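Enquirer: Below: one structure in C-alpha coordinates.
The values are calculated or read from the model by the stated rules, or taken from the named source; none is laboratory data. Computed from a predicted model, the values in this text were never measured in an experiment. Ideal geometry is used to build each Cβ from the backbone, glycine not excepted, and the neighbour counts take in all protein chains shown. Please note that ligands, DNA and RNA were not included when accessible areas were found on the heavy atoms of the full protein model with its side chains. Shrake-Rupley method; radii C 1.70, N 1.55, O 1.52, S 1.80 Å.
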Amino acid sequence: MLKEKTIVVGVTGGIAAYKSAQLVSDLVKEGCDVHTVMTRNALNFINPITFETLTGHKCLTDTFDRNFQFNVEHVALSQRADAFLVAPATADLIGKASNGIADDMLSTMLLAANCPLIIAPAMNTYMYENSIVQENLQKLRRHGFIIVEPAVGRLACKDVGKGKLPDIPVLIESLRAVFEEKQDLSGIRLLVSAGPTIEAIDPVRYITNHSSGKMGYAIAEAAAKRGAEVCLVSGQVALDAPCGVERISIRSAEDMFNAISERLPDADILIMAAAVADYTPVVYADQKIKKKDGEMTIELKRTKDILKYAGENKKEGQIICGFSMETENLIENSRKKLLSKNCDIIAANSISESGAGFKTDTNRITLISKDRIRELSLMSKLEAADILLDEIASMRKK
Ligand SMILES: Cc1cc2nc3c(=O)[nH]c(=O)nc-3n(C[C@H](O)[C@H](O)[C@H](O)COP(=O)(O)O)c2cc1C
(Lines give C-alpha, C1' and ligand atoms only; values in the text may rest on other atoms or scores of the structure.)
Protein backbone atom coordinates (compact mmCIF):
# COMPACT_ATOMS: atom_id res chain seq x y z
CA MET A 1 0.00 0.00 0.00
CA LEU A 2 2.90 2.37 0.73
CA LYS A 3 4.97 1.19 -2.23
CA GLU A 4 5.92 3.98 -4.62
CA LYS A 5 4.18 6.62 -2.57
CA THR A 6 5.95 9.96 -2.24
CA ILE A 7 6.19 10.71 1.44
CA VAL A 8 7.57 13.92 2.92
CA VAL A 9 8.90 13.52 6.45
CA GLY A 10 9.26 16.74 8.43
CA VAL A 11 11.68 16.74 11.35
CA THR A 12 11.63 19.41 14.06
CA GLY A 13 13.91 20.31 16.96
CA GLY A 14 12.84 17.78 19.57
CA ILE A 15 14.94 15.20 21.33
CA ALA A 16 13.10 12.41 19.45
CA ALA A 17 14.52 13.71 16.14
CA TYR A 18 17.06 10.88 16.20
CA LYS A 19 14.19 8.40 15.81
CA SER A 20 13.22 10.00 12.49
CA ALA A 21 16.22 8.34 10.86
CA GLN A 22 14.79 4.90 11.65
CA LEU A 23 11.37 6.04 10.45
CA VAL A 24 12.82 7.25 7.15
CA SER A 25 14.87 4.09 6.73
CA ASP A 26 11.81 1.87 7.34
CA LEU A 27 9.73 3.89 4.87
CA VAL A 28 12.43 3.51 2.21
CA LYS A 29 12.37 -0.25 2.88
CA GLU A 30 8.58 -0.18 2.35
CA GLY A 31 9.29 1.13 -1.17
CA CYS A 32 8.39 4.78 -0.56
CA ASP A 33 10.08 7.69 -2.27
CA VAL A 34 10.94 9.61 0.89
CA HIS A 35 11.88 13.29 1.03
CA THR A 36 12.88 15.02 4.20
CA VAL A 37 12.65 18.58 5.44
CA MET A 38 14.13 19.81 8.70
CA THR A 39 13.73 22.93 10.76
CA ARG A 40 16.89 24.89 11.57
CA ASN A 41 16.54 23.83 15.20
CA ALA A 42 16.35 20.16 14.22
CA LEU A 43 19.88 20.50 12.85
CA ASN A 44 21.04 20.64 16.49
CA PHE A 45 19.75 17.11 17.01
CA ILE A 46 20.51 15.22 13.81
CA ASN A 47 22.57 15.83 10.68
CA PRO A 48 20.77 16.13 7.32
CA ILE A 49 23.44 13.92 5.75
CA THR A 50 21.84 10.99 7.58
CA PHE A 51 18.55 11.60 5.78
CA GLU A 52 20.24 12.35 2.45
CA THR A 53 22.09 9.03 2.62
CA LEU A 54 18.96 7.10 3.55
CA THR A 55 16.68 8.71 0.94
CA GLY A 56 19.04 9.62 -1.90
CA HIS A 57 17.50 13.11 -1.94
CA LYS A 58 18.66 16.46 -0.68
CA CYS A 59 17.24 17.20 2.76
CA LEU A 60 15.52 20.59 2.63
CA THR A 61 16.31 22.97 5.45
CA ASP A 62 16.32 26.44 3.96
CA THR A 63 13.54 28.20 2.05
CA PHE A 64 16.09 30.47 0.38
CA ASP A 65 18.65 27.81 -0.58
CA ARG A 66 19.85 28.61 -4.14
CA ASN A 67 22.04 25.57 -4.52
CA PHE A 68 19.64 23.23 -6.31
CA GLN A 69 17.62 22.95 -9.50
CA PHE A 70 15.34 25.86 -10.12
CA ASN A 71 11.77 25.23 -9.27
CA VAL A 72 9.92 26.53 -6.27
CA GLU A 73 10.74 23.46 -4.23
CA HIS A 74 8.45 24.07 -1.26
CA VAL A 75 5.50 24.19 -3.64
CA ALA A 76 6.69 21.52 -6.08
CA LEU A 77 7.40 18.85 -3.48
CA SER A 78 4.37 19.69 -1.36
CA GLN A 79 2.16 19.27 -4.42
CA ARG A 80 3.85 16.03 -5.48
CA ALA A 81 3.64 14.37 -2.06
CA ASP A 82 1.09 11.64 -1.39
CA ALA A 83 1.35 12.25 2.35
CA PHE A 84 3.25 14.53 4.72
CA LEU A 85 4.26 13.34 8.17
CA VAL A 86 5.93 15.57 10.77
CA ALA A 87 7.65 13.35 13.33
CA PRO A 88 8.58 14.51 15.85
CA ALA A 89 6.50 17.69 15.87
CA THR A 90 7.54 20.24 18.49
CA ALA A 91 5.08 22.44 20.39
CA ASP A 92 6.59 25.27 18.36
CA LEU A 93 5.82 23.71 14.97
CA ILE A 94 2.29 22.84 16.16
CA GLY A 95 1.81 26.47 17.22
CA LYS A 96 3.02 27.73 13.87
CA ALA A 97 1.05 25.27 11.75
CA SER A 98 -2.17 25.96 13.65
CA ASN A 99 -1.81 29.68 13.03
CA GLY A 100 -0.81 29.59 9.40
CA ILE A 101 2.72 30.79 10.10
CA ALA A 102 5.21 29.94 7.36
CA ASP A 103 8.58 31.29 8.48
CA ASP A 104 10.80 28.36 7.51
CA MET A 105 10.91 25.59 4.91
CA LEU A 106 8.91 23.02 6.89
CA SER A 107 6.08 25.29 8.00
CA THR A 108 5.88 26.82 4.50
CA MET A 109 5.67 23.39 2.88
CA LEU A 110 2.91 22.34 5.28
CA LEU A 111 0.82 25.29 4.14
CA ALA A 112 1.50 24.57 0.47
CA ALA A 113 0.70 20.86 0.74
CA ASN A 114 -2.26 19.28 -0.96
CA CYS A 115 -2.19 15.82 0.62
CA PRO A 116 -3.03 14.15 3.96
CA LEU A 117 -1.06 15.87 6.74
CA ILE A 118 -0.04 13.90 9.81
CA ILE A 119 1.46 15.41 12.93
CA ALA A 120 3.15 13.28 15.60
CA PRO A 121 3.69 15.55 18.63
CA ALA A 122 6.55 14.66 20.99
CA MET A 123 7.46 16.72 23.99
CA ASN A 124 7.54 16.93 27.76
CA THR A 125 4.21 15.92 29.37
CA TYR A 126 3.57 19.38 30.85
CA MET A 127 4.18 20.97 27.48
CA TYR A 128 1.88 18.47 25.79
CA GLU A 129 -0.89 18.93 28.34
CA ASN A 130 -0.61 22.71 28.26
CA SER A 131 -4.02 23.98 27.20
CA ILE A 132 -2.47 26.21 24.53
CA VAL A 133 -0.82 23.20 22.86
CA GLN A 134 -4.07 21.23 23.19
CA GLU A 135 -6.07 24.06 21.62
CA ASN A 136 -3.58 24.26 18.77
CA LEU A 137 -3.89 20.50 18.18
CA GLN A 138 -7.66 20.80 18.25
CA LYS A 139 -7.49 23.56 15.66
CA LEU A 140 -5.28 21.43 13.44
CA ARG A 141 -7.77 18.55 13.73
CA ARG A 142 -10.55 20.89 12.67
CA HIS A 143 -8.49 21.77 9.61
CA GLY A 144 -8.17 18.13 8.65
CA PHE A 145 -4.75 17.29 10.12
CA ILE A 146 -4.38 13.78 11.51
CA ILE A 147 -2.81 13.84 14.97
CA VAL A 148 -1.02 10.72 16.17
CA GLU A 149 -1.30 10.76 19.96
CA PRO A 150 2.03 10.55 21.76
CA ALA A 151 2.78 7.46 23.79
CA VAL A 152 3.07 7.32 27.57
CA GLY A 153 6.42 6.42 29.05
CA ARG A 154 9.70 7.66 30.44
CA LEU A 155 10.68 10.83 28.63
CA ALA A 156 14.16 12.13 27.86
CA CYS A 157 13.69 14.77 30.59
CA LYS A 158 13.23 11.83 33.06
CA ASP A 159 9.55 12.65 33.66
CA VAL A 160 7.15 9.77 33.18
CA GLY A 161 3.99 10.63 31.26
CA LYS A 162 2.45 11.29 27.90
CA GLY A 163 4.69 12.89 25.30
CA LYS A 164 6.89 10.18 23.78
CA LEU A 165 7.08 9.85 20.03
CA PRO A 166 5.07 6.67 19.28
CA ASP A 167 6.97 3.62 18.06
CA ILE A 168 7.92 3.63 14.36
CA PRO A 169 5.32 0.94 13.38
CA VAL A 170 2.58 3.18 14.83
CA LEU A 171 3.81 6.11 12.71
CA ILE A 172 3.99 3.95 9.60
CA GLU A 173 0.49 2.65 10.34
CA SER A 174 -0.80 6.24 10.44
CA LEU A 175 0.53 6.68 6.90
CA ARG A 176 -0.91 3.39 5.74
CA ALA A 177 -4.32 4.39 7.12
CA VAL A 178 -4.55 7.43 4.84
CA PHE A 179 -4.14 5.19 1.81
CA GLU A 180 -6.90 2.82 2.90
CA GLU A 181 -9.27 2.77 -0.03
CA LYS A 182 -12.46 3.07 1.92
CA GLN A 183 -12.69 6.70 3.07
CA ASP A 184 -16.48 6.70 3.20
CA LEU A 185 -16.60 8.38 6.63
CA SER A 186 -14.49 11.33 5.59
CA GLY A 187 -15.94 14.56 7.04
CA ILE A 188 -18.04 12.64 9.61
CA ARG A 189 -17.56 13.49 13.29
CA LEU A 190 -17.85 10.39 15.44
CA LEU A 191 -18.07 10.48 19.21
CA VAL A 192 -17.46 7.07 20.78
CA SER A 193 -17.23 6.00 24.40
CA ALA A 194 -15.23 3.01 25.60
CA GLY A 195 -14.05 1.22 28.71
CA PRO A 196 -15.39 1.13 32.25
CA THR A 197 -16.27 3.98 34.56
CA ILE A 198 -15.03 4.00 38.13
CA GLU A 199 -17.18 5.15 41.06
CA ALA A 200 -15.11 5.89 44.15
CA ILE A 201 -16.42 4.63 47.49
CA ASP A 202 -13.51 6.00 49.48
CA PRO A 203 -9.86 6.87 48.70
CA VAL A 204 -9.07 3.16 48.26
CA ARG A 205 -12.17 1.36 46.98
CA TYR A 206 -14.37 1.76 43.96
CA ILE A 207 -17.22 0.23 41.97
CA THR A 208 -16.48 -0.68 38.36
CA ASN A 209 -16.97 -3.47 35.82
CA HIS A 210 -14.91 -5.78 33.62
CA SER A 211 -14.91 -3.68 30.45
CA SER A 212 -11.53 -3.72 28.68
CA GLY A 213 -12.52 -0.98 26.20
CA LYS A 214 -11.53 -3.19 23.25
CA MET A 215 -14.83 -2.86 21.37
CA GLY A 216 -14.98 0.94 21.62
CA TYR A 217 -11.31 1.23 20.66
CA ALA A 218 -11.89 -1.05 17.66
CA ILE A 219 -14.74 1.22 16.54
CA ALA A 220 -12.56 4.31 16.96
CA GLU A 221 -9.74 2.67 14.98
CA ALA A 222 -11.98 1.43 12.16
CA ALA A 223 -13.75 4.78 11.85
CA ALA A 224 -10.51 6.79 11.81
CA LYS A 225 -9.15 4.50 9.08
CA ARG A 226 -12.27 5.23 7.04
CA GLY A 227 -11.66 8.95 7.32
CA ALA A 228 -13.92 9.95 10.25
CA GLU A 229 -12.86 12.61 12.74
CA VAL A 230 -13.03 10.53 15.91
CA CYS A 231 -13.25 11.63 19.52
CA LEU A 232 -12.92 8.72 21.95
CA VAL A 233 -14.15 9.27 25.51
CA SER A 234 -12.41 6.53 27.41
CA GLY A 235 -12.46 5.09 30.89
CA GLN A 236 -9.24 3.75 32.41
CA VAL A 237 -8.00 1.00 30.08
CA ALA A 238 -4.66 -0.53 29.12
CA LEU A 239 -4.89 0.38 25.43
CA ASP A 240 -3.11 2.97 23.30
CA ALA A 241 -5.25 5.51 21.48
CA PRO A 242 -5.66 4.46 17.84
CA CYS A 243 -3.87 6.59 15.22
CA GLY A 244 -5.51 9.88 14.42
CA VAL A 245 -8.05 9.59 17.25
CA GLU A 246 -8.52 12.28 19.88
CA ARG A 247 -8.83 10.61 23.28
CA ILE A 248 -10.48 12.18 26.32
CA SER A 249 -9.65 10.14 29.44
CA ILE A 250 -12.28 10.03 32.17
CA ARG A 251 -12.86 8.14 35.40
CA SER A 252 -16.46 8.37 36.62
CA ALA A 253 -19.85 8.20 34.91
CA GLU A 254 -20.24 11.89 35.76
CA ASP A 255 -16.98 12.69 33.90
CA MET A 256 -18.18 10.63 30.95
CA PHE A 257 -21.53 12.40 30.94
CA ASN A 258 -19.81 15.81 30.97
CA ALA A 259 -17.37 14.87 28.19
CA ILE A 260 -20.13 13.45 25.99
CA SER A 261 -22.82 16.07 26.59
CA GLU A 262 -20.30 18.83 25.80
CA ARG A 263 -19.36 17.27 22.45
CA LEU A 264 -22.71 15.79 21.46
CA PRO A 265 -24.04 18.84 19.59
CA ASP A 266 -21.10 18.70 17.16
CA ALA A 267 -21.22 14.93 16.55
CA ASP A 268 -22.79 13.30 13.50
CA ILE A 269 -22.69 9.88 15.16
CA LEU A 270 -22.55 8.82 18.80
CA ILE A 271 -21.64 5.24 19.67
CA MET A 272 -21.86 4.40 23.37
CA ALA A 273 -19.63 1.34 23.68
CA ALA A 274 -18.54 2.12 27.25
CA ALA A 275 -19.70 0.01 30.17
CA VAL A 276 -20.82 2.67 32.60
CA ALA A 277 -20.98 1.45 36.20
CA ASP A 278 -24.71 1.77 36.81
CA TYR A 279 -24.38 2.74 40.47
CA THR A 280 -22.40 5.22 42.49
CA PRO A 281 -22.31 5.79 46.27
CA VAL A 282 -24.75 8.41 47.52
CA VAL A 283 -22.06 9.81 49.79
CA TYR A 284 -18.30 9.41 49.59
CA ALA A 285 -17.26 7.06 52.41
CA ASP A 286 -14.80 9.51 53.97
CA GLN A 287 -17.68 11.74 54.90
CA LYS A 288 -20.11 9.16 56.34
CA ILE A 289 -20.75 5.47 56.01
CA LYS A 290 -22.45 3.18 58.27
CA LYS A 291 -19.88 0.82 59.67
CA LYS A 292 -21.22 -1.66 62.14
CA ASP A 293 -19.53 -4.75 63.57
CA GLY A 294 -16.82 -4.43 60.91
CA GLU A 295 -19.40 -4.38 58.12
CA MET A 296 -19.90 -1.45 55.80
CA THR A 297 -23.25 -0.44 54.34
CA ILE A 298 -23.12 1.72 51.27
CA GLU A 299 -26.15 3.45 49.89
CA LEU A 300 -26.06 3.54 46.10
CA LYS A 301 -27.84 5.67 43.55
CA ARG A 302 -28.04 5.22 39.79
CA THR A 303 -25.51 7.02 37.67
CA LYS A 304 -26.67 9.37 34.93
CA ASP A 305 -28.18 7.60 31.92
CA ILE A 306 -25.95 9.03 29.20
CA LEU A 307 -27.59 7.15 26.33
CA LYS A 308 -31.03 8.35 27.38
CA TYR A 309 -29.77 11.92 27.61
CA ALA A 310 -28.28 11.61 24.10
CA GLY A 311 -31.56 10.21 22.75
CA GLU A 312 -33.55 13.05 24.32
CA ASN A 313 -31.19 15.63 22.86
CA LYS A 314 -30.72 14.04 19.45
CA LYS A 315 -30.41 16.59 16.70
CA GLU A 316 -31.66 16.27 13.12
CA GLY A 317 -29.69 13.69 11.12
CA GLN A 318 -27.64 12.48 14.11
CA ILE A 319 -27.30 8.72 14.54
CA ILE A 320 -27.12 7.26 18.04
CA CYS A 321 -25.93 3.74 18.68
CA GLY A 322 -26.05 2.06 22.06
CA PHE A 323 -24.54 -1.23 23.16
CA SER A 324 -26.45 -3.69 25.26
CA MET A 325 -25.05 -6.55 27.26
CA GLU A 326 -27.75 -9.00 28.20
CA THR A 327 -27.83 -12.27 30.09
CA GLU A 328 -31.21 -13.30 28.66
CA ASN A 329 -33.87 -12.19 26.11
CA LEU A 330 -31.18 -10.43 24.09
CA ILE A 331 -33.36 -9.25 21.20
CA GLU A 332 -36.41 -8.34 23.24
CA ASN A 333 -34.49 -6.36 25.86
CA SER A 334 -32.37 -4.64 23.23
CA ARG A 335 -35.46 -3.60 21.27
CA LYS A 336 -36.91 -2.10 24.44
CA LYS A 337 -33.69 -0.19 24.94
CA LEU A 338 -33.74 1.02 21.32
CA LEU A 339 -37.18 2.55 21.79
CA SER A 340 -36.92 3.82 25.37
CA LYS A 341 -33.58 5.57 24.72
CA ASN A 342 -34.57 6.92 21.28
CA CYS A 343 -31.57 5.21 19.64
CA ASP A 344 -31.23 4.40 15.94
CA ILE A 345 -29.39 1.14 16.45
CA ILE A 346 -28.39 -1.18 19.28
CA ALA A 347 -25.39 -3.49 19.10
CA ALA A 348 -26.37 -6.31 21.40
CA ASN A 349 -23.99 -8.84 22.87
CA SER A 350 -24.73 -11.79 25.02
CA ILE A 351 -22.58 -11.89 28.12
CA SER A 352 -22.91 -15.67 28.45
CA GLU A 353 -21.41 -16.53 25.04
CA SER A 354 -17.76 -17.63 24.86
CA GLY A 355 -15.51 -15.43 22.72
CA ALA A 356 -17.90 -12.50 23.09
CA GLY A 357 -18.32 -9.58 25.48
CA PHE A 358 -15.71 -8.09 27.83
CA LYS A 359 -11.93 -8.56 27.51
CA THR A 360 -11.94 -10.86 24.43
CA ASP A 361 -10.55 -9.80 21.03
CA THR A 362 -13.59 -11.27 19.32
CA ASN A 363 -17.27 -10.54 19.58
CA ARG A 364 -20.59 -11.79 18.33
CA ILE A 365 -23.03 -8.94 18.07
CA THR A 366 -26.57 -8.54 16.81
CA LEU A 367 -27.45 -5.21 15.22
CA ILE A 368 -30.97 -4.15 16.01
CA SER A 369 -32.62 -1.16 14.38
CA LYS A 370 -36.29 -0.23 14.06
CA ASP A 371 -36.84 -2.22 10.89
CA ARG A 372 -34.06 -4.79 10.90
CA ILE A 373 -32.21 -7.40 12.96
CA ARG A 374 -28.81 -8.50 11.71
CA GLU A 375 -26.99 -11.28 13.53
CA LEU A 376 -23.23 -11.26 12.97
CA SER A 377 -21.09 -14.34 13.40
CA LEU A 378 -18.18 -14.54 15.84
CA MET A 379 -15.43 -12.27 14.44
CA SER A 380 -12.68 -9.92 15.55
CA LYS A 381 -13.87 -6.74 17.26
CA LEU A 382 -12.29 -4.74 14.42
CA GLU A 383 -14.32 -6.63 11.81
CA ALA A 384 -17.48 -6.24 13.90
CA ALA A 385 -16.71 -2.51 14.21
CA ASP A 386 -16.45 -2.18 10.44
CA ILE A 387 -19.80 -3.88 9.88
CA LEU A 388 -21.44 -1.71 12.54
CA LEU A 389 -20.02 1.37 10.78
CA ASP A 390 -21.30 0.07 7.40
CA GLU A 391 -24.75 -0.25 8.93
CA ILE A 392 -24.62 3.25 10.41
CA ALA A 393 -23.26 4.72 7.15
CA SER A 394 -26.17 3.19 5.23
CA MET A 395 -28.66 4.63 7.77
CA ARG A 396 -27.19 8.11 7.22
CA LYS A 397 -27.77 7.81 3.46
CA LYS A 398 -31.49 7.02 3.88
C1 LIG B 1 17.74 19.37 24.46
C2 LIG B 1 16.43 19.91 23.98
C3 LIG B 1 15.39 19.06 23.74
C4 LIG B 1 14.16 19.55 23.29
N5 LIG B 1 13.14 18.68 23.08
C6 LIG B 1 11.94 19.14 22.68
C7 LIG B 1 10.88 18.24 22.45
O8 LIG B 1 11.00 17.02 22.58
N9 LIG B 1 9.68 18.74 22.04
C10 LIG B 1 9.48 20.09 21.87
O11 LIG B 1 8.36 20.50 21.53
N12 LIG B 1 10.49 20.97 22.08
C13 LIG B 1 11.71 20.53 22.46
N14 LIG B 1 12.74 21.41 22.67
C15 LIG B 1 12.49 22.84 22.43
C16 LIG B 1 12.57 23.15 20.95
O17 LIG B 1 13.86 22.79 20.44
C18 LIG B 1 12.31 24.64 20.72
O19 LIG B 1 10.96 24.94 21.07
C20 LIG B 1 12.58 25.05 19.30
O21 LIG B 1 12.25 26.42 19.15
C22 LIG B 1 11.78 24.22 18.30
O23 LIG B 1 12.09 24.64 16.99
P24 LIG B 1 11.42 24.01 15.69
O25 LIG B 1 9.98 23.79 15.98
O26 LIG B 1 11.61 25.06 14.64
O27 LIG B 1 12.17 22.78 15.37
C28 LIG B 1 13.98 20.95 23.09
C29 LIG B 1 15.06 21.80 23.31
C30 LIG B 1 16.26 21.30 23.75
C31 LIG B 1 17.40 22.27 23.98
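Enquirer: Return a whole-number percent for the relative contact order of the range 55-203, with Cα pairs under 8 Å and 6 or more residues apart as the contact set. Could you put the intermediate results ahead of the total?
Expert: Working: 183 pairs, mean separation 29.5, N = 149.
That works out to 20 percent.
Enquirer: Can you tell me the FRET efficiency between Thr6 and Lys158 if r is taken as the Cβ-Cβ distance and R0 is 45 Å, rounded to the nearest 0.05?
Expert: Result of the calculation: an efficiency of 0.70.
Enquirer: How large, in Å, is the range 96-255 by the Kirkwood hydrodynamic radius built from its alpha-carbon pairs?
Expert: Answer for the range 96-255: a Kirkwood hydrodynamic radius of 17.0 Å.
Enquirer: Rounded to a whole number, what is D in µm²/s for the range 6-178 from Stokes-Einstein with the Kirkwood radius over alpha-carbon pairs (20 °C, 1.002 mPa s)?
Expert: Calculated translational D: 135 µm²/s.
Enquirer: Taking 0.36 nm per residue of sequence separation and subtracting the Cα-Cα distance, how much length would be gained by fully extending the chain between Ser380 and Tyr18, in nm to one decimal?
Expert: 126.7 nm
Enquirer: Then there is this: Need the full-extension length gain, Glu52 to Asp278, defined as separation in residues times 0.36 nm minus the C-alpha distance. One decimal, nm.
Expert: Contour length minus Cα-Cα distance gives 75.6 nm.
Enquirer: While we're on this one: If you project the alpha carbons of the chain onto the principal axes, what extent comes out on each, in Å, largest first?
Expert: Over the chain, Cα extents along the principal axes are 80, 52, 37 Å.
Enquirer: Ok, one more. In whole angstrom, how far apart do the alpha carbon centroids of the range 74-138 and the range 360-395 sit?
Expert: Centre-to-centre distance over Cα atoms comes out at 36 Å.
Enquirer: When DSSP assigns beta bridges and you keep just the ones with both residues in the range 189-397, what percent turn out antiparallel, to the nearest 5?
Expert: 45
Enquirer: Additional query: Please name whichever of Leu27, Ala224, Ala385 sits farthest to the positive end of the charge dipole of the chain, dipole taken about the Cα centre and charges placed at Cβ: Lys and Arg +1, Asp and Glu -1.
Expert: Ala385
Enquirer: FRET efficiency for Asp361 and Lys29, Cβ-Cβ distance as r, R0 = 30 Å, nearest 0.05?
Expert: Plugging the Cβ-Cβ distance into 1/(1 + (r/R0)^6) gives 0.55.
Enquirer: If each DSSP helix of 4+ residues adds -39,500 (n - 2.57) and the sum is divided by the residues in the chain, what number results at 222 nm, nearest 500 deg cm²/dmol?
Expert: Details: 13 runs with 131 residues, N = 398.
Using -39500 (n - 2.57) per qualifying helix, the result is -9500 deg cm²/dmol.
Enquirer: Moving to a separate point now. Of the beta bridges DSSP finds with both residues in the chain, what % are antiparallel, to the nearest 5? Could the numbers behind the result be given before it?
Expert: Working: 23 of 65 bridges.
Taking every DSSP beta bridge with both residues in the chain, the antiparallel ones total about 35 percent.
Enquirer: A further question on this structure: Roughly what % of DSSP beta bridges within the range 6-178 run antiparallel, to the nearest 5?
Expert: 20
Enquirer: When the Karplus curve 6.51 cos²θ - 1.76 cosθ + 1.60 is applied with θ = phi - 60°, which whole-Hz ³J(HN,Hα) does each residue of the range 185-194 get, with x for Gly and Pro?
Expert: 9, 4, x, 8, 9, 10, 10, 9, 10, 8
Enquirer: Can you pick out the pairs among Lys225/Lys336; Lys315/Lys336; Lys96/Lys381 whose Cα atoms lie more than 29 Å from each other?
Expert: Lys225/Lys336; Lys96/Lys381
Enquirer: Roughly to the nearest percent, how much of the accessible area of the chain is carbon and sulfur, given a 1.4 Å probe?
Expert: 49
Enquirer: How many angstrom separate the Cα center of the range 1-30 from the Cα center of the range 312-336?
Expert: Cα centroid of the range 1-30 versus Cα centroid of the range 312-336: 44 Å apart.
Enquirer: Another question, if that's okay. Under 8 Å for C-alpha pairs, at least 6 residues apart: give me the relative contact order for the range 189-397, rounded to a whole percent.
Expert: On the way: 455 pairs, mean separation 41.6, N = 209.
In percent, rounded to a whole number, it is 20.
Enquirer: Please turn the phi angles of the range 8-22 into ³J(HN,Hα) values with the Karplus equation 6.51 cos²θ - 1.76 cosθ + 1.60 (θ = phi - 60°), one per residue in order, whole Hz, x for glycine and proline.
Expert: Result, rounded to whole Hz: 9, 10, x, 10, 10, x, x, 5, 6, 4, 5, 6, 5, 5, 5.
Enquirer: At a threshold of 8 angstrom on Cα-Cα distance, excluding pairs fewer than six apart, so keeping six or more, what relative contact order does the chain reach in percent? Please list the in-between numbers first.
Expert: Details: 865 pairs, mean separation 42.9, N = 398.
Here the relative contact order equals 11 percent.
Enquirer: Return the sequence-ordered ³J(HN,Hα) values of the range 122-134 in whole Hz as given by the Karplus equation 6.51 cos²θ - 1.76 cosθ + 1.60 applied to θ = phi - 60°, using x for Gly and Pro.
Expert: 8, 5, 4, 3, 5, 5, 4, 7, 3, 5, 5, 4, 4
Enquirer: Could you state the accessible area per residue of the range 93-133 in Å², with a 1.4 Å probe and every protein chain left in place?
Expert: 39
Enquirer: List the residues whose amide H sits under 5 Å from the amide H of Val34, counting only those 5 or more places along or on another chain, with H placed 1.01 Å from N in the peptide plane.
Expert: Under 5 Å from the amide H of Val34: Ile7.
Enquirer: Same structure again: What whole-number volume per residue, in cubic angstrom, does the convex hull of the C-alpha atoms of the range 192-328 give?
Expert: Each residue corresponds to 133 Å³ of Cα convex hull volume.
Enquirer: So how far, in whole Å, is the C-alpha centre of the range 221-279 from the one of the range 190-204?
Expert: 11
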